[in-house]
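The values are calculated or read from the model by the stated rules, or taken from the named source; none is laboratory data. Since the model is a prediction, treat every value here as computed from it, not as a measurement. For neighbour counting, all protein chains shown are included, and Cβ atoms are generated from backbone atoms with ideal geometry for every residue, glycine included. Heavy atoms of the whole protein, side chains included, go into the accessibility calculation; ligands, DNA and RNA do not. Shrake-Rupley method; radii C 1.70, N 1.55, O 1.52, S 1.80 Å.
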Amino acid sequence: MACLSDNTWVAPLSNQLADCASLRDKEHGGDSDVDGDTPSFISAASQQFRLERVFPVYAMGSSKPPAVVGSDLGDPIWDAVRQEAKLDAEKEPILSSFLYASILSHDCLEQALSFVLSNRLQNPTLLATQLMDIFFDAMMHDRTIQQAIRLDLQAFKERDPSCLSYSSALLYPKGYHSLQVHRVAHALWSRGRTVLALALQSRVSEVFAVDIHPAAKIGDGILLDHGTGVVIGETAVVGNRVSLMHGVTLGGTGKEVGDRHPKVGDGALIGASTTILGNIKIGNGAMVAAGSLVLKDVAPHSMIAGIPAKVIGYVEEQDPSLTMKHDATKDFFEHVAGSNYGRYPRATGQCPETKDNRH
């Protein structure tokens, strides 16, 4: 969390965002361009400033944002989203109305994200207008959400090779959408609005097939790749800069109450269809191979695989979640094949478990 406490970055950005709600109520005049292309708090200098110089921090492995970020740079993430949306609208005119309604008509990232989420989750009894008010209000009154939605957006853009732009990361991936709805639900849960928080959890589970209890604590700079089948329990904790693939379960082991779910450290990489059960710790920078069943604590920067999972090596990277290298499992399977060679009878044409089960 140290990178979020840098006042040279947090204070200017948060102050600008605090003014965002009032901008949408003002008429187009001196406060914004007539065509609505650029909000007034984004200066001309920020339009020309390379985004990679301002926000490379989580995705590329730096632990602290650069001190050069200041109020004169505006909001470079939102700036990039708008510029990309304009280009996409020119390339695909059939999507121009969609892109205008979703991005270009809004004054800030919080407003656009609230619109996108509300339209994906609406149903006949949970109206989009109601949902948008809930999302926007929660985001604009919580600085941690304001920071997290940007760092998550960057994580998707930089770590997922199929993600072509910041605007596409905002509009399409259900992993990103379910994660941001959880952030709102968690804020509501923390304020005692548990019924509404659980309703949002239920709706996300129904629409996105992602089930995250609103009490679960999740850091920022998170990649929830694909998202399908992800389950995160009530007392689970996920650190910063973590990457979770589809089908990951952070669950309990039975009907026990209290603190009963896994704690995942900063920079961990959790492979697809991994099941982690119980109040155990996955250390900082650990890597869990796809399909593993984890029942015991995992040391920091260790590499584990199997059912049940065992240590097969150690990770050189500080944060393997940023490199997204999954090829380490090859050595594990070669080791398993070698250790099992000659264990079973050969040339029987039958599996060892079934050779005596004849009818």
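Can you tell me which residue in the stretch 213-230 is farthest from the chain's Cα centre (by Cα), limited to those that are assigned to a loop (DSSP other than H, G, I, E, B) and either small (Gly, Ala, Ser) or surrounded by fewer than 18 Cβ atoms within 10 Å (Cβ to Cβ) (or both)?
Ala215
Restricting to the stretch 288-303, count the residues that are touching a Ser or Thr at 6+ places or on another chain (Cβ under 6 Å) and surrounded by 19 or more Cβ atoms within 10 Å (Cβ to Cβ).
Count: 3.
Which of the numbered conditions does Gly233 fail, given that it passes all the others? Conditions: (1) touching a helix residue (DSSP H, G or I) at 6+ places or on another chain (Cβ under 9 Å); (2) open to solvent by less than 20 Å² (accessible area, probe 1.4 Å).
Every condition holds for Gly233 apart from (1).
Return the residue satisfying two criteria in turn: it lies in the stretch 184-212 and is open to solvent by 40 Å² or more (accessible area, probe 1.4 Å) and touching a Ser or Thr at 6+ places or on another chain (Cβ under 9 Å), and of such residues it is nearest to Met132 (Cα to Cα).
Result: Val207.
Name the pairs: first residue in the stretch 262-290 and basic (Lys, Arg), second residue surrounded by 21 or more Cβ atoms within 10 Å (Cβ to Cβ) and assigned to a strand (DSSP E or B), Cβ to Cβ under 8 Å, at least 6 apart or on different chains?
So the pair list comes out as Lys263/Ile282; Lys281/Val298.
Taking Leu151 and the conditions (1) touching a Ser or Thr at 6+ places or on another chain (Cβ under 6 Å); (2) open to solvent by less than 10 Å² (accessible area, probe 1.4 Å), which numbered condition does it fall short on, given that it satisfies the others?
In the conditions (1) touching a Ser or Thr at 6+ places or on another chain (Cβ under 6 Å); (2) open to solvent by less than 10 Å² (accessible area, probe 1.4 Å), Leu151 misses (1) alone.
Within the stretch 86-176, considering only helices (runs of 4 or more DSSP H) that don't extend past its boundaries, which have at least 2 residues that are among the hydroxyl-bearing types (Ser, Thr, Tyr)?
96-99, 109-121, 166-171
Output the residues belonging to the stretch 172-181 that are of a type outside the set (Gly, Ala, Ser) and open to solvent by less than 10 Å² (accessible area, probe 1.4 Å).
Tyr176, His177, Leu179, Gln180, Val181
Could you list, in sequence order, all residues of the stretch 264-275 that are surrounded by fewer than 24 Cβ atoms within 10 Å (Cβ to Cβ) and either in a strand (DSSP E or B) or touching a helix residue (DSSP H, G or I) at 6+ places or on another chain (Cβ under 6 Å) (or both)?
Thr275
Could you please find all residues in the stretch 236-254 being assigned to a loop (DSSP other than H, G, I, E, B), of a type outside the set (A, V, I, L, M) and either open to solvent by less than 10 Å² (accessible area, probe 1.4 Å) or touching a Gly at 6+ places or on another chain (Cβ under 6 Å) (or both)?
Gly239, Asn240, Arg241, His246, Gly247, Gly252, Thr253
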